[in-house]
Amino acid sequence: MGTADLRREVRRFLAEQRSAGNYRPSIDCWLSAWDEDFTRALAAQGWIGMTVPSEYGGHDRSFVERFVVTEELLAGGAPVAAHWIADRQIVPSLLKYGTTQQKQRYLPGITRGEIFFGIGMSEPDAGSDLASVRSTATKTDAGWLINGSKVWTSGAHRAHAFIALVRTSPVDPANRHAGLSQFLIHLDSPGVQVRPIISMSGSHHFNEVFLTDVLVPDTQVFGTIGQGWEQVTSELAFERSGPERFLSTFPLLTQLTAMDDVPDLGRLVGRIAGLHQMSAAVAGALERREPADVAAAVVKVLGTSTEGDIAEAASLLSGDETAYEAGWRELVNAGLDQRPGFTLRGGTNEVLRGVIARGLGLR
């Protein structure tokens with residue numbers, strides 16, 4: 001099946017799901033629209049774990065095919081948050097760094113839409129500077145004792161596990177990125193406490209995760225001890241470059257294109273078209289296992305700015321609310337509520353501009 005046929009198939013599926021009343025398009029659907037039934041319906045179509053080898057229950061499909069599916073799901077505002085992190089970030093990380101045992105344990109369940117993951121990177125007072133993480137792992141005869149906390153952990157109150165970045169050796173002032181390691185931690189383990197972070201709008205998808213003497217066996221070491229920074233850098237290319245970095249407010253843009261006299265509409269559509277090409281190019285580079293961290297940072301900076309501008313353009317419209325589709329004002333308000341977060345999560349745009357500058361040799 002070609003990518004054009006695949007797009008049509010996904011669009012047909014989404015139209016059927018909407019007609020059946022199974023979902024309404026939402027803003028930021030990949031972060032806040034958690035629907036495990038919808039996730040299982042996607043899994044039944046073979047659209048989760050697409051790049052996972054068949055030996056681990058996957059579908060042996062390409063990054064480009066996966067890109068097509070995820071782009072259509074986001075454009076449709078579909079509720080994909082339950083499996084999003086696992087499919088976007090954990091799958092390629094497991095395939096690259098996971099042991100055979102870890103792949104066998106997690107990949108089939110992710111592909112079936114039954115195992116959900118979070119990401120344990122950010123910490124209080126560390127912001128986007130991952131080299132400042134203070135959570136620690138101490139070696140014991142039984143494994144590793146993890147202590148510390150993580151913040152802004154999306155879906156931790158519903159997920160089964162997360163990959164946590166912690167220190168396994170003291171900070172080296174000459175190389176702050178050294179001594180970091182990653183661990184697969186089950187969120188129902190003794191010593192794990194998840195506390196909700198409620199947004200000003202009343203929604204809940206972010207959390208704090210506190211780790212107190214959490215015992216993690218050696219089999220749950222992820223990758224190589226001391227190589228956490230290199231591993232995280234690789235993972236962030238998947239987190240920052242996908243279509244979710246420019247399509248979070250696409251349901252608003254869809255309705256704007258049906259309206260008259262929308263200021264800068266052509267410019268917004270053109271920006272989305274350009275970001276589509278850029279993000280697709282990064283997907284191709286990742287499939288070829290080429291470095292893409294700088295290109296991913298560019299997509300993230302430009303994409304999240306565009307998402308916010310779409311929300312702003314929608315909010316400036318006035319007139320008879322009955323002339324708009326049902327749920328229009330709800331979408332607009334959600335877009336405005338979420339706008340500040342677009343440029344923060346996955347690394348602030350200010351930090352990423354530094355990543356881009358260094359990558360281009362400008363500083």
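Just so it is clear, none of the values below were taken in a lab; they were calculated from the coordinates. Since we're looking at a predicted model, the values are computed, not measured. Ideal geometry is used to build each Cβ from the backbone, glycine not excepted, and the neighbour counts take in all protein chains shown.
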Stokes-Einstein translational diffusion, segment 242-359 - Kirkwood Rh over all Cα pairs, 1.002 mPa s, 20 °C, in µm²/s:
142
With θ set to phi - 60° and the Karplus curve 6.51 cos²θ - 1.76 cosθ + 1.60, what are the ³J(HN,Hα) couplings of segment 143-154 in order, to the nearest whole Hz, using x for Gly and Pro?
x, 9, 9, 9, 9, x, 8, 10, 9, 6, 7, 5
Residue 197's amide H: which non-local residues (gap 5+, or another chain) put their own amide H closer than 5 Å, with H modeled 1.01 Å from N in plane and none for Pro or chain starts?
206, 207, 208
HN-Hα J couplings of segment 331-340 from phi, Karplus 6.51/-1.76/1.60, θ = phi - 60°, integer Hz, Gly and Pro as x?
5, 4, 4, 5, x, 5, 4, 8, 3, x
If you plug each phi of segment 247-259 into the Karplus form 6.51 cos²θ - 1.76 cosθ + 1.60 with θ = phi - 60°, what whole-Hz ³J(HN,Hα) values come out, in order, with x for Gly and Pro?
10, 4, 10, 4, x, 5, 4, 4, 6, 4, 5, 8, 9
Where the centroid of each part is defined by its Cα atoms, how far is segment 50-105 from segment 200-277 in Å?
15
Ordering 237-243, 171-177 by per-residue average of other C-beta atoms within 10 angstrom, highest first, gives 237-243, 171-177
Three-way shape call for segment 3-115 based on the alpha-carbon gyration tensor, with the a/c threshold at 1.5
prolate
Taking R0 as 45 Å, what's the FRET efficiency between residue 351 and residue 19 from their Cβ-Cβ distance, rounded to 0.05?
0.55
Amide H neighbours of residue 178 under 5 Å, at least 5 residues apart or on other chains, H built in the peptide plane: list them.
172
Approximate spin-label separation residue 344-residue 59, in nm, with each point projected 7 Å along Cα-to-Cβ:
3.4
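Name the shape class, rounded, prolate or oblate, that the alpha-carbon gyration tensor gives for segment 28-74, where a ≥ b ≥ c are the square roots of its eigenvalues, rounded holds for a/c under 1.5, and otherwise prolate holds if a/b is larger than b/c and oblate otherwise.
oblate
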If I model a spin label as a point 7 Å beyond the Cα along the Cα-Cβ vector, how far apart are those points for residue 37 and residue 175 in nm?
5.3
Students often forget the sequence filter, so: which lysines lie under 22 Å Cα-Cα from residue 150 once same-chain residues fewer than 8 apart are removed?
139
Please work out the Kirkwood hydrodynamic radius for the chain, using every pair of different C-alpha atoms, and report it in angstroms with one decimal place.
21.1
Show me the ranking of peptides 193-205, 114-126 by mean Cβ neighbours inside 10 Å, starting with the highest.
114-126, 193-205
Among 331, 256, 316: highest mean-square fluctuation, GNM of the chain, C-alpha pairs under 10 Å:
316
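What is the calculated FRET efficiency for residue 227 to residue 261, with r their C-beta to C-beta distance and R₀ = 56 Å, to the nearest 0.05?
Working from the Cβ atoms, E equals 0.55.
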